[in-house]
Amino acid sequence: HRPLARRFAPRPTPALPAPARMRVLRRAAVAAAAAAVVLGASPAAASEAAEQYEFQTEVSRLMDIIINSLYSKKEVFLREVISNSADALDKARYLSIENPAILEENPELEMRISFDEAERTLTIRDTGIGMTKQDLVQNLGTVAKSGTTQFVESVASSGDLSLIGQFGVGFYSVYLVSDKVQVTSKHHDDDQYIWTSTADSTFTVSKDEQGNTLGRGTEIKLFLKEDALEYANQDRLEGLVKRYSEFISFPIYLHKSKTEMVDDDEADDAEADDDEEEDDDEEEDDELSTEDADDEPAKQKEVTSWKWERVNNQPAIWSRAKEDVSKDEYIEFYKSFSKDFSDPLTWTHFRAEGEVEFKSILYIPGKAPFGMYENYYNTKAALKLYVRKVLITDEFDELIPKYLNFIKGVVDSDDLPLNVSREMLQQHKILKVMGKKLVRKILEMLRKLSEAEQAKKKKKKSASEDEDDEDDEDDEDNEVVAADYRKFWDAFGKNIKLGVIEDSTNRNKLTKLLRFHTTTDIESVFSLDEYVARMPEWQKSIYYIAGADMKEIQDSPFLERAKAKNVEVVLLDDPLDEYCIQQVPEYEGFKLVSLTKEGLRFGDESELDDKRDELYKEQFKSLADWMKEELGDRLEKVVVSNRVTTTPAVLVTGFFGHSANMEKIMKHQAFGSGRTPMQTSKKIMEVNPRHPIIDRLREKSASDPEDAEAIDLAWLLFDTALLNSGFEMEEPRMFADRMYRLMKSGLSLDTLDLLPEIDVPEGDEADDDVEAEEKVEL
């Protein structure tokens, strides 16, 4: 446990966001500290029934700032009042250990909320420790004066109590919704007193003429403003309690009404009396009358009943040790706070210590929500931040990165001030430290899920056919875990890829979580660790290829040599894949190499292969020069290829250029403006020296460089390689014209001029006129 003084420290008053307000706040705080607690130690205007006191001038100014500037939402007043009541209950429970008489009159520690729409009032009552007359004057007469603080300072021994502060800055949030507040309180050592104020410069304290009606505790009655009548609605109140104070340790009851239609018993009794007075001689008529009465539906009337109903039934399981929480409790808790009907995939429950201490449960949902990526950058994390089980906010911009916005969970810290607005909370330095720890825990949870899958695969691979039954049972358990990570990847794999792109700090951890299809098994997905483990000793790189879909990739000519050498290739069929891979130039010392970029080598080339390549280059140098001259700036150069086996030619890009797949992605982006020099890469044609088309074209270009047919064939080879390599054709009309000329040559045509139109015989024309006249008559 932390030292008692630290655990019971009063809530610090957070700095206001506006500089001007900060200056006023500081001046007010200094003045309040230097002056007496309350100027009106003696009544300024007194009567026998009540004593009137004045707030200190600077305190009044500070209170005005708090009421109008500190809170961004009016509804948080209920959170503040309930939190103060919970502190009073905690204090009563703690003191009753040494003095059991405190709880003798009423052993129940609870809160009750009621409302009256007609009177426009809202009442919050607790059975906590209550306040004496002096407590009311001091604690409620000075902003941020905490009775709980005085109580804690008097405790000599340590304890495990988490108190927020009896009445501090948070109490004055009630004036956000009310123009008058009446506090009735009964302390064990004093009579029952009433404190009343209208948020002006004065307040009154008087002895309750009705005597001890509370027994013990405090009752706060709010007289609501005209624009705050929504807080006298039971559905609205129930929603606020469940939102902000659902996990308070003490029961919270709401006085709820229920209207229903019931049978009117009095009307039925009156009808029965009338039947008994009828003449006994008229038996038949009596029977008919009875039958008619039975057939008529019973009269009903509308009845409204009131009852107390507990609204905070869900326990705060994160405050318990994870060994004491069952699997069913974790799942039930997830469904309760997330409103998700499906079970979570997995979760982590931990307590963070160090610079900042907090407890948390983080879940991975079982499936991705609909449309999660349609508004990716505006989607906020589904995390709820609590301070001592009181909700502060569930709207975060920077607590965890955007790519982890699928995580759902709760975070409960004792190191954050309770009464803060969301805007100030975003800037709190503790949140930054907390965010780093949360990200580390989330990635650790994913790592364990990934490692469980890897362990399952290894065990399955090494298992023999004669395993005993116990091993079989272990396999079945691990099968679930392995399937879980595949389920996670199918649902949230894009988030991990976005994390690799966006989060340079955790890029190495995220890279280990990546999964890809490969040529080994296109139905399964594998990690880069599995790829590296299967590499032959001579392979020094990890090879990949990107495309629009899996069929396009499988049919790509760039895979020909890799398949021939039995080299595994990573297949990237998702638009994010290539962006992601660009952020990972190497993995575990192995470079990631694209099969569609220049300079491809597989690592098993021998000296004989290098000599053969040199001979091919010398033999086809004339063809390369001639094609470069004819094709002009459409090509950077023409070289002999070592990556194709059956395809005549392919087009590759430079090492730093965009691949064909990336060019298409960039061109079709929402704000794309066609092709730009940055989007279009210089292309290199690689020709297959063993292909007969290439060899025949070499001969034709060498015999007659001006041969029109040879030039058309060169352009056709370029266009075919362009399409076959995944690029989009820039001039389809030119391609069509060349194809028609080749058809002309293949069909031995002298010209492509159009033939004359066919002549229509005159007899046929006359017959057509007769048929037209007959149609008109019909």
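Of the residues GLU110, GLU699, ranked by 1.4 Å probe accessible area with the largest first, the sequence reads GLU699, GLU110. Ligands, DNA and RNA excluded, the heavy atoms of LEU391 present near 0 Å² of accessible surface to a 1.4 Å solvent probe. Heavy-atom accessible area for TYR53, with the other protein chains in place and a 1.4 Å probe, reaches approximately 10 Å². Highest-first packing order for the peptide set 689-696, 434-441 is 434-441, 689-696, based on the mean count of other beta carbon atoms within 10 Å. Charge tally for GLU219 (other residues, Cβ to Cβ under 12 Å; Lys, Arg +1; Asp, Glu -1): +3. Rounded, prolate or oblate: pick one for region 502-576, where a ≥ b ≥ c are the square roots of the eigenvalues of its C-alpha gyration tensor, a/c under 1.5 means rounded, and failing that, prolate if a/b is larger than b/c, else oblate. Oblate shape, in that a/c is at least 1.5 and b/c is the bigger or equal ratio.
Please give the net charge around ALA101, taking every other residue with its beta carbon less than 12 angstrom from that of ALA101, where Lys and Arg add +1 and Asp and Glu add -1. Residues near ALA101 contribute -3 overall.
At 0.36 nm per residue, and after removing the present C-alpha to C-alpha distance, how many nm does the segment from THR751 to LYS551 gain when stretched out fully?
The THR751-LYS551 span can extend by a further 67.9 nm.
The heavy atoms of ARG447 offer some 100 square angstrom of accessible surface to a 1.4 angstrom probe. Using 0.36 nm per residue and subtracting the Cα-Cα separation, the extra length available between LYS335 and LYS458 on full extension is 40.9 nm.
Taking 0.36 nm per residue of separation and subtracting the Cα-Cα distance, full extension of the segment from TRP306 to MET535 would add 75.1 nm. At an R0 of 25 angstrom, the distance between the Cβ atoms of ALA702 and THR645 translates into a FRET efficiency of 0.50.
The values are calculated or read from the model by the stated rules, or taken from the named source; none is laboratory data. Just so you know, these numbers come straight off a predicted model, no measurement behind them. No Cβ is skipped: glycine too gets one built from the backbone with ideal geometry, and neighbour counts run over all protein chains shown. The protein model used for the area step is the full one, side chains on, heavy atoms only, and it has no ligands, DNA or RNA in it. Shrake-Rupley method; radii C 1.70, N 1.55, O 1.52, S 1.80 Å.
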